[in-house]
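Data block below; observations after.
The values are calculated or read from the model by the stated rules, or taken from the named source; none is laboratory data. These numbers were taken from a predicted model, which means no experiment stands behind them. Neighbour counts are summed over all protein chains in view; Cβ atoms, including those assigned to glycine, are modelled from backbone coordinates with ideal geometry. Side chains included, ligands, DNA and RNA excluded: accessible areas come from the protein's heavy atoms. Shrake-Rupley method; radii C 1.70, N 1.55, O 1.52, S 1.80 Å.
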Amino acid sequence: MVSSESKIIIVGAGVFGLSTAFWLAREGYKNITVFDRCAFDKNYYNPSNGCDGASADINKVFRMAYWGKLEYQALAIEARDVWLSWNKRIAESGPSDLPAGLTPEDKLLDMCGCYFLAAGPTLRGSYAESLDTMERTAPEFRKMQFVKGNAEDEERLGIIGAKWAGKHRMVQKFNRGNTNGFVDVNAGFTIADKACVYARFLCEQDGVKFVLGDSQGKIETMVVEQRGQQKKVTGIQTCDGRSHFGDLVIVAAGSWTPSIIPEAHRAIEATAGTVMFIDIPRHRQDLWEPFHPDNFPVWFYQKGDGDDYFEGVGFPITKEGRLKFGFRGRKVSEAQCSCYRLMIQMFGCRAVHQFPRPSHRTQSVCSKGLPMFAMHAHKRSRISTPRTKYSNNPIGTVPLHGLSLMKEVVAEAFPELADFGFTDSKLCWYTDSIDNDYVIDFVPGYSDSLFICTGGSGHAFKFLPILGRHVKNRLGGVSDQFTSLWKWRVAEGGKENNGLSEGETGPREMSNLQMADPRDFKFENAGVVSKL
Ligand SMILES: Cc1cc2nc3c(=O)[nH]c(=O)nc-3n(C[C@H](O)[C@H](O)[C@H](O)COP(=O)(O)OP(=O)(O)OC[C@H]3O[C@@H](n4cnc5c(N)ncnc54)[C@H](O)[C@@H]3O)c2cc1C
Ligand SMILES: *[C@@H]1O[C@H](CO)[C@@H](O)[C@H](O)[C@H]1NC(C)=O
């Protein structure tokens with residue numbers, strides 16, 4: 001059982017690691033060290049600065065509409081209060097009281113509003129369910145949601161402020177106006193990189209230590225002892241060859257988690273989302289203005305089905321002039337060998353000698369001669385592992401299918417942007433669980449020495465200020481509404497499992513997909529979606 005004196009090691013300083021450290025420290029845990037291979041103390045979570053985790057991003061949607069999932073809706077409503085209190089504290093701080101990378105003008109949560117739209121005249125089922133659930137359980141927030149085409153709602157919205165009519169006009173061209181949906185004026189976006197900088201700052205204020213950067217912060221392997229039938233994790237070894245021992249290791253390494261905890265590949269899978277950007281030049285203030293968050297909302301849009309299903313999201317312009325568009329109509333995985341060769345390649349370590357053995361068991365001996373076992377007791381040898389601009393085997397493009405659909409939608413909805421074409425792209429890696437609920441629990445078979453904290457499934461950023469409260473509960477043996485929802489669970493035979501068991505021969509495996517080339521970023525051929 002962990003206590004406030006226990007030495008706790010957290011691997012990963014993204015949303016899950018930060019929020020966990022924050023809440024444990026507040027609860028009185030005194031000895032917490034967070035490791036991350038990214039030098040967040042120097043690059044401030046800026047995604048153009050070599051960070052490729054899901055949390056290191058320019059912006060993320062904040063919403064409370066949760067398609068009828070009441071627990072998450074309630075958590076988002078609570079998170080909103082904390083986001084707003086963080087906004088307030090930052091605004092009231094002097095510049096020197098804030099961490100580098102943050103100024104008193106920065107608003108972590110911007111409630112520019114969010115339009116949830118879908119093609120066609122009839123309100124989409126998931127939207128109707130969101131509205132109904134809100135009406136039943138949090139009616140005061142339902143009053144701030146307005147159904148498109150509902151005369152009464154549109155009149156109420158007009159009373160709230162004239163700017164909403166303008167925002168509505170900005171997103172009315174999808175499907176030539178033939179759309180259904182609603183706007184939530186209490187939703188918007190968070191400035192993700194700055195939010196992580198602030199959360200890390202709060203952790204440090206509460207005594208959390210950080211070991212950041214390659215190689216001192218980069219985990220090479222866990223130190224695992226075999227004790228009879230049970231294993232016990234006694235610490236980690238980092239790529240500088242040092243060992244760090246602790247009473248509990250919490251792995252919050254996002255989509256890299258299965259490459260650290262072998263058993264986790266049956267619980268979660270790394271899948272890539274396609275993110276596209278349009279950088280608007282400074283001299284085009286005629287476009288900076290209408291896409292400014294004061295005049296432009298976050299939008300969600302869904303249309304079509306089967307192979308042409310589109311689900312996408314767009315954001316207002318950033319202070320740097322960047323418009324971001326995300327596509328997640330289809331999941332993409334990237335199988336890589338998890339045995340010897342890949343471990344070396346992935347972790348880039350030379351300090352440890354690994355001896356591949358038959359049946360994918362890898363025995364590790366650390367440079368200091370400490371006995372260690374990295375047991376790969378799983379049968380499958382290849383797991384989906386993130387590949388980004390900053391990987392050893394870098395990738396600078398995205399699957400053509402999603403890009404083509406995105407181009408078609410953006411050209412239709414925002415024809416004024418067509419001349420620019422997409423100016424940049426990114427593969428952003430989700431950590432999908434078998435049911436899109438998070439995975440926050442002790443890993444079985446390790447005598448409560450190893451804890452997994454991940455499974456964001458594309459929707460955890462908004463919970464940065466509050467997620468760790470429930471991690472803390474689970475660690476302390478306090479049950480709450482999330483204990484069973486987020487328990488350790490693995491893909492089961494015969495079930496769909498959110499595509500987790502498809503494997504590398506599945507239809508979404510990257511090597512089987514056509515990738516875009518730079519010419520595809522231009523809009524000339526928008527509307528002609530290549531049939532793959
Ligand atoms: C394209 C995309 C869009 C999204 N949009 C939204 C949204 O709009 N709203 C929302 O609420 N959520 C959104 N999400 C989800 C949200 O971003 C994630 O759920 C959340 O950021 C995951 O945090 P994490 O801590 O699990 O992972 P990460 O942020 O990836 O953090 C894991 C950390 O582990 C570190 N690490 C990995 N391996 C090692 C190692 N060997 N040694 C040391 N450190 C290591 C990495 O450097 C990284 O910093 C989106 C996700 C994606 C991919
Ligand atoms: C944390 O634990 C380690 C190992 O037990 C110990 O050396 C160190 O002093 C502890 N630090 C704090 C702040 O308690």
Checklist outcome for this item: With +1 on the Cβ of every Lys and Arg and -1 on the Cβ of every Asp and Glu, the dipole magnitude of the chain about its Cα centre, in debye rounded to the nearest 20, is 1200 debye
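What shape does segment 223-277 take by its C-alpha gyration tensor, where a ≥ b ≥ c are the square roots of the eigenvalues and a/c under 1.5 counts as rounded, a/b above b/c as prolate, and the rest as oblate? Before the final figure, lay out the partial values.
Values: a/c = 3.40, a/b = 1.75, b/c = 1.94.
Oblate.
With r defined as the distance between the Cβ atoms of Lys30 and Ala151 and R0 fixed at 41 Å, what FRET efficiency is calculated, to the nearest 0.05? Please list the in-between numbers first.
Details: r = 59 Å, r/R0 = 1.43.
With R0 = 41 Å, the Cβ-Cβ based efficiency is 0.10.
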Checklist entry - What is the projected area of the convex hull of the Cα atoms of the chain, averaged over all directions, in nm²? => result 24.5 nm²
Item to check | Phi to ³J(HN,Hα) by Karplus 6.51 cos²θ - 1.76 cosθ + 1.60 over segment 429-441, Hz, x for Gly, Pro | outcome: 9, 7, 10, 8, 8, 6, 9, 6, 8, 5, 10, 9, 6
Item to check | Distant alpha-carbon pairs in segment 430-488 (separation over 16 angstrom), percent | outcome: 41 percent
Item to check | Where labels lie 7 Å past Cα in the beta-carbon direction, separation of Met515 and Val82 in nm | outcome: 3.8 nm
Checklist entry - For segment 1-107, rounded, prolate or oblate, judged on the Cα gyration tensor with a ≥ b ≥ c (square roots of eigenvalues), a/c < 1.5 rounded, else prolate if a/b > b/c? => result rounded
Checklist entry - Roughly what percent of Cα-Cα pairs across segment 381-532 reach past 19 Å? => result 66 percent
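If N is the number of residues in segment 202-302, what value comes out of its Cα radius of gyration divided by 2.2 N^0.38 Å? Provide the component values of the computation, followed by the final result.
Details: Rg = 21.8 Å, N = 101, 2.2 N^0.38 = 12.7 Å.
Scaled against compact globular proteins, the figure is 1.72.
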Checklist entry - Which percent of the accessible area of the chain is formed by carbon and sulfur heavy atoms (probe 1.4 angstrom)? => result 50 percent
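If you take the square roots of the eigenvalues of the alpha-carbon gyration tensor of segment 94-163 and sort them as a ≥ b ≥ c, do you get rounded (a/c under 1.5), prolate (a/b over b/c) or oblate?
On the way: a/c = 2.53, a/b = 2.24, b/c = 1.13.
Taking the square roots of the gyration eigenvalues as a ≥ b ≥ c, segment 94-163 is prolate.
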Checklist entry - To the nearest 10 square angstrom, how much accessible area does Lys194 have with a 1.4 angstrom probe? => result 60 Å²
Next on the checklist: Over segment 399-532, with the other protein chains present, what is the accessible area per residue in square angstrom, probe 1.4 angstrom?
Outcome noted: 38 Å²
Checklist entry - How long is the gain from Ser48 to Tyr309 if the chain were fully straight, where each residue apart is worth 0.36 nm and the alpha carbon distance is subtracted? => result 91.0 nm
Checklist outcome for this item: Summed over the other residues with a beta carbon less than 12 angstrom from that of Ala267, with K and R at +1 and D and E at -1, the charge totals -4
Next on the checklist: I want the local charge near Ala418. Using Cβ-Cβ distances under 10 Å, sum +1 for each Lys or Arg and -1 for each Asp or Glu among the other residues.
Outcome noted: -2
Checklist entry - Taking amide hydrogens as modeled 1.01 Å from N in the peptide plane, which residues meet the under 5 Å criterion relative to Val11, leaving out close sequence neighbours? => result Phe35, Ile250, Val251, Ala252
Checklist entry - Using only helices, what value at 222 nm comes out for the chain when you add -39,500 (n - 2.57) per DSSP H run of length 4 or more and divide by the total residues, to the nearest 500 deg cm²/dmol? => result -7000 deg cm²/dmol
Next on the checklist: Suppose each label sits 7 Å from its Cα in the direction of the beta carbon; what would the Ala418-Glu496 distance come out to in nanometres?
Outcome noted: 3.6 nm
Checklist entry - Roughly how many debye, to the nearest 20, is the charge dipole of segment 161-258 about its Cα centre, given +1 on each Lys and Arg Cβ, -1 on each Asp and Glu Cβ, and no other charges? => result 640 debye
Item to check | Amide H contacts under 5 Å for Gly329, placed H, 5+ residues apart | outcome: Glu311
Item to check | Top positive-direction residue, dipole computed over the chain with Cβ charges, set Ser19, Thr257, Gln145 | outcome: Thr257
Checklist outcome for this item: Amide H contacts under 5 Å for Phe210, restricted to residues at least 5 apart in sequence or on another chain and with H modeled in the peptide plane, are Val34
Checklist entry - In nm, what is the difference between 0.36 nm times the number of residues separating Glu92 and Leu70 and their Cα-Cα distance? => result 4.6 nm
Checklist entry - Helix 70-91: angle to the longest alpha-carbon principal axis of the chain, degrees 0 to 90, nearest 10? => result 90 degrees
